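All remarks here apply to the structure that follows.
What follows draws every value from the coordinates through simple rules; no lab data is involved. Here the structure is a predicted model, which means the values were calculated and not measured. Please note: Cβ atoms are built from the backbone with ideal geometry, for glycine as well, and neighbour counts cover all protein chains shown.
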Ligand code: SF4
């Protein structure tokens with residue numbers, strides 16, 4: 001059985017801009033929208049970035065679980 005793979009541009013473990021609270025942000029690789037004023041154009045190429053399985057991403061995020069629990073800030077966006 002094949003496993004879904006996500007292409008990731010980068011991670012930000014202390015995201016505090018563009019929204020409320022402090023968030024763990026996953027910047028995905030391969031955006032095809034090409035917005036005129038995009039300030040993350042390095043996320044556009046489809047075939048670059050790092051490959052992660054969903055389980056690998058969850059394992060990475062879970063390392064911050066204690067922080068999320070104490071701060072009581074969960075956000076999925
Ligand atoms: S701003 Fe950039 S990264 Fe965001 S959706 Fe538009 S083109 Fe994609």
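For the reader, a short list of remarks on this structure follows.
- Ordering of 4-13, 38-47 by packing [mean C-beta count within 10 Å, highest first]: 4-13, 38-47
- Relative contact order of the chain, taken over Cα pairs closer than 8 Å and 6 or more residues apart, is 33 percent.
- Over 17 Å [Cα-Cα, the chain], rounded percent: 54
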